[in-house]
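Engineer: Structure below; questions to follow.
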Amino acid sequence: MDIKLLPEKQKLIYNLKKYSTTITEHNLRSYKELIDRTIERLYNDGNKEDLKEFVQFNKDVDTLRNQDFVQTFPELYKQIKDLWDNIPGKL
């Protein structure tokens, strides 16, 4: 489960950079640094096998907890829909 696995990272990087420029309060400096580190992480390539493992894990957690990843994270689901719809959980 790593942010670098997200398929549509460029849009997220753009939005985070835009948001980061709005943080001007000195007491929020550590928050701005966290955003900047997140952006740096997004520039790294992800591994498709790790993304498959993410899908399997979350499907299993949904089953065990009676939750629904698709309803909870609709924007993320749109990015991984093809994978999500074709990979079963391990349970």
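Engineer: Residues in segment 41-55 that are farther than 15 Å from Glu8 by Cα and either aromatic (Phe, Trp, Tyr) or out of contact with any Leu (no Cβ under 9 Å at 6 or more places or on another chain) (or both): how many? If you could, list the steps in order and put the result at the bottom.
Structural biologist: Step one: list which residues in segment 41-55 are farther than 15 Å from Glu8 by Cα, which gives 49-50, 52-55.
Next, from what is left, pick out any that are either aromatic (Phe, Trp, Tyr) or out of contact with any Leu (no Cβ under 9 Å at 6 or more places or on another chain) (or both): 49, 53-54.
Total meeting the criteria: 3.
Engineer: Name the residue that is modelled with the lowest pLDDT, counting only residues in segment 1-30 that are aliphatic (A, V, I, L, M) and within 30 Å of Leu83 (Cα to Cα).
Structural biologist: This residue is Met1.
The values are calculated or read from the model by the stated rules, or taken from the named source; none is laboratory data. What you see is a predicted model; the values in this text were computed from it and never measured. A quick note on method: Cβ atoms are made from the backbone with ideal geometry, for glycine too, and the neighbour counts reach across all protein chains shown.
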